[in-house]
Structure formats: structure tokens, C-alpha cells
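What follows is a short report on a single structure.
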Amino acid sequence: VQLQAFGGGLVQPGGSLRLSCAASGSIRSITVMGWFRQAPGMQREFVAAISRSGASTAYADSVKGRFTISRDNAKNTVYLQTNSLKPEDTAVYYCAGASRVVITDDIRDYDYWGQGTLVTVSS
């Protein structure tokens, strides 16, 4: 399984970015997809997750109402729409895949990881 995240960049506070994560390889076992982020000197933290069908989603409190996770199974791609970005959203964003029945925010449940894409929010 290969996961490739892209779409990061430099954006001003209040701006938006759409991150994408393309999956390839033996992806049939992956049900839940998630986004995590890691700021400099900090631990990697949960951002959002989505079930295989897209019917169930979960978000970290810090991004609720600003970020939206979605997926297009026909394209094997997961998206993270980030709006109203704040400087504290600056981090490397990673997509990850888990073989779970229900969505999870536990980093230990994710077996597959992409390489990360950097989001910098600064004026």
C-alpha cells in the first residue's frame, strides 16, 4: 500500500487549502482513512477520520467547523478541506489508513502512512 499526500503550501491566516491523499497498491484492506499532523517539536496528533462509505466522520476539537474530510472511492483518494486556517495549524499533515470496522482517532490503529505535506500558515 502506498499513500501519497499533497496539496500543502504557504497560506495566510484565514485562508484555505485542500489536501489530497492518493492510495495505491493493495488497498482493499483499508477501511478507515485519517489525517494527522505534526508541528515542530510536537507529537503527531489526530485531525480527522472517515469511514469507508464516508457516512461516518470524526474531527479533533481544534479543527471542528473549519476542516472537512471526504473521500472518493472511485479515485482512491481522500481529501481534507482546511478553511479559516490559523498559525497554530502549521504542521506536516499525514494521511493514514487503518483496517478497522469503525473510525478511530488512535494513531496506533493506523498501519499505513503517507510521506506528509507541509502546511504553513503565516502572514
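The values are calculated or read from the model by the stated rules, or taken from the named source; none is laboratory data. This one's a predicted model, so the numbers in the text were calculated from it and none came from an experiment. We place every Cβ from the backbone using ideal geometry, glycine too, and count neighbours over all the protein chains shown. The accessibility values were calculated without ligands, DNA or RNA, using every heavy atom of the protein model including side chains. Shrake-Rupley method; radii C 1.70, N 1.55, O 1.52, S 1.80 Å.
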Being over 13 Å from the mean Cα position of the chain (by Cα) and either of a type in the set (K, R) or farther than 17 Å from R18 by Cα (or both) is the filter here, so list the residues in segment 105-123 that pass it. D106, R108, D109, D111, S123
Restricting attention to segment 26-46, the residues that are at pLDDT 95 or above, basic (K, R) and in a loop (DSSP other than H, G, I, E, B) number exactly 1
Which condition breaks for A23 when tested against (1) modelled with pLDDT under 95; (2) assigned to a loop (DSSP other than H, G, I, E, B)? (2)
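Return the only residue of T82, T90 being of a type in the set (S, T, N, Q) and more than 12 Å from the chain's Cα centre (by Cα). Quick ask: steps written out before the conclusion?
Values: T82 fails: more than 12 Å from the chain's Cα centre (by Cα).
Checking each option against the conditions leaves just T90.
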Close pairs from segment 100-111: first assigned to a loop (DSSP other than H, G, I, E, B), partner open to solvent by less than 50 Å² (accessible area, probe 1.4 Å) and among the charged types (D, E, K, R), Cβ under 8 Å, at least 6 apart: R100/D109
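For segment 112-123, which positions are open to solvent by 40 Å² or more (accessible area, probe 1.4 Å) and part of a loop (DSSP other than H, G, I, E, B)? Break it down stepwise before answering.
So in segment 112-123, the residues open to solvent by 40 Å² or more (accessible area, probe 1.4 Å) come out as 112-113, 115, 118, 120, 122-123.
Hits for segment 112-123 are Q115, S122, S123.
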State yes or no: is V78 in contact with a helix residue (DSSP H, G or I) (Cβ under 7 Å, 6 or more places away or on another chain), open to solvent by less than 10 Å² (accessible area, probe 1.4 Å), part of a strand (DSSP E or B) and of a type outside the set (D, E)? no
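Filter segment 91-105 for residues that are in contact with a Lys or Arg (Cβ under 9 Å, 6 or more places away or on another chain) and open to solvent by 30 Å² or more (accessible area, probe 1.4 Å); which is nearest to V1 (Cα to Cα)?
Step by step, filter segment 91-105, then rank; the result is Y94.
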